[in-house]
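Below: the structure, in structure tokens.
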Amino acid sequence: KIFLIDTLDLVLKATYTFDGSFGFGSLLTISPDGTKGYVSSTGTGVVIKFDMATGNELGRLTNMQAPAQITITKDGNTLLIVDSAANAVVIADASNMTVKARVSPLTDYPAASFTIFNKVVLNADETKGVIGSQDSGSTAGCEVNAAFVFNPVTGEILETAAVGCTPGYTTFLPTGTYWFILGQGNISQIPSWAPETSYVNKYGLGLPLGSANVLITPDARYAYYALASSDVVVQQDIGTRAIVGSFLVGDNPNKVVDQASSLA
């Protein structure tokens, strides 16, 4: 089921029910014009397309193992779906829900491993995509994992960049310069113009939850993220890579959000 809630009156507006199995990786993705919704039925290996206004099902993409997070292009025409069990990214036509290409790193990189916390993030002009790999066989003390830079049209892997251990939340800086990836005890940055020169910055203040996010200021000067193991939110200077502030919050903080243009 998917529930629509009126955020002004805080009332339930509608409940949409589908034949599927939703889980922690079934994050709702909405088309840029707000008319279509896409959600992964991880348990049954399909992605469901539906009308946001009515809840009517409009199509399904099938024959996946465990689809999870979905990225949609700015024009709403293409879906990039992480198949977390197949350790692949499915590139699909959003209009007719058919597969156009795949990103398949296992042939050349057998340790590739995608989880429900890994999502494809495109650069500003959508000519490149990045997804982090929580490499199989890596441990909490690992030094390096991989992130794959690929062509989002053909699925061709353009570069395998070295990033920190257990990469999770990934974002693209508003300045159009770097991908910024949160890992376990590290932050990785991948230059959009030269992915092979990626670098890792380690921190020792604590560890985030796998579902933790990163909030970037509009000028890309600071990053904020929560470290659940030490109950703090930290402020990092992106340019110098230094942590310039930290403050205690409640137990096991996770998400950091921007409210009315003020960091909270």
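Would you mention how many residues in segment 194-205 are assigned to a loop (DSSP other than H, G, I, E, B) and either modelled with pLDDT of 95 or more or buried (at least 16 other Cβ atoms within 10 Å of the Cβ) (or both)? So the count comes out to 3.
Within the bounds of segment 47-61, is there any residue that is under 16 Å from the mean Cα position of the chain (by Cα), outside any loop (DSSP other than H, G, I, E, B) and either closer than 23 Å to Pro32 by Cβ or among the polar types (S, T, N, Q) (or both)? Checking segment 47-61: not a single residue is under 16 Å from the mean Cα position of the chain (by Cα), outside any loop (DSSP other than H, G, I, E, B) and either closer than 23 Å to Pro32 by Cβ or among the polar types (S, T, N, Q) (or both).
So if I check each of Val90, Val99, which one is open to solvent by less than 10 Å² (accessible area, probe 1.4 Å) and assigned to a strand (DSSP E or B)? Step through it out loud before you land on a result.
Working: Val99 fails: open to solvent by less than 10 Å² (accessible area, probe 1.4 Å).
From the options Val90, Val99, the qualifying one is Val90.
Do you know which of the residues in segment 7-16 that are open to solvent by 80 Å² or more (accessible area, probe 1.4 Å) and in contact with a strand residue (DSSP E or B) (Cβ under 8 Å, 6 or more places away or on another chain) is nearest to Glu57 (Cα to Cα)?
Lys13
Here the condition is being modelled with pLDDT of 95 or more and among the small types (Gly, Ala, Ser); of Gly132, Gly141, it holds for Gly132 alone. Of the candidates Val149, Val153, the single residue that is of a type outside the set (D, E, K, R) and assigned to a strand (DSSP E or B) is Val149.
Of all residues in segment 226-244, those being open to solvent by less than 60 Å² (accessible area, probe 1.4 Å) and of a type in the set (D, E, K, R) number 2. Mind checking whether some residue in segment 9-19 is modelled with pLDDT under 95, out of contact with any Ser or Thr (no Cβ under 6 Å at 6 or more places or on another chain) and in a loop (DSSP other than H, G, I, E, B)? Scanning segment 9-19, I find at least one residue that is modelled with pLDDT under 95, out of contact with any Ser or Thr (no Cβ under 6 Å at 6 or more places or on another chain) and in a loop (DSSP other than H, G, I, E, B), so the answer is yes. Taken together, Ser133, Ser211, Ser188 contain a single residue that is within 15 Å of the chain's Cα centre (by Cα) and surrounded by fewer than 18 Cβ atoms within 10 Å (Cβ to Cβ), which is Ser211.
Among all residues of segment 137-145, there is at least one that is open to solvent by less than 20 Å² (accessible area, probe 1.4 Å) and either among the charged types (D, E, K, R) or part of a strand (DSSP E or B) (or both). Considering segment 106-115 alone, what residues qualify as being part of a loop (DSSP other than H, G, I, E, B) and open to solvent by 50 Å² or more (accessible area, probe 1.4 Å)? Correct list: Asp108, Tyr109, Pro110. Against the list (1) surrounded by 13 or more Cβ atoms within 10 Å (Cβ to Cβ); (2) out of contact with any Leu (no Cβ under 6 Å at 6 or more places or on another chain); (3) part of a loop (DSSP other than H, G, I, E, B), the condition Ala223 fails is (3).
Can you say whether Thr127 is open to solvent by 60 Å² or more (accessible area, probe 1.4 Å) and in a strand (DSSP E or B), as far as the supplied structure shows? It is false that Thr127 is open to solvent by 60 Å² or more (accessible area, probe 1.4 Å) and in a strand (DSSP E or B). Within segment 239-255, the presence of a residue that is within 19 Å of Glu143 (Cα to Cα) and small (Gly, Ala, Ser) is excluded.
The values are calculated or read from the model by the stated rules, or taken from the named source; none is laboratory data. Everything quoted here is computed from the prediction, not taken from an experiment. For neighbour counting, all protein chains shown are included, and Cβ atoms are generated from backbone atoms with ideal geometry for every residue, glycine included. Ligands, DNA and RNA are stripped out before the accessible areas are found, and what is left, the full protein with its side chains, is counted by its heavy atoms. Shrake-Rupley method; radii C 1.70, N 1.55, O 1.52, S 1.80 Å.
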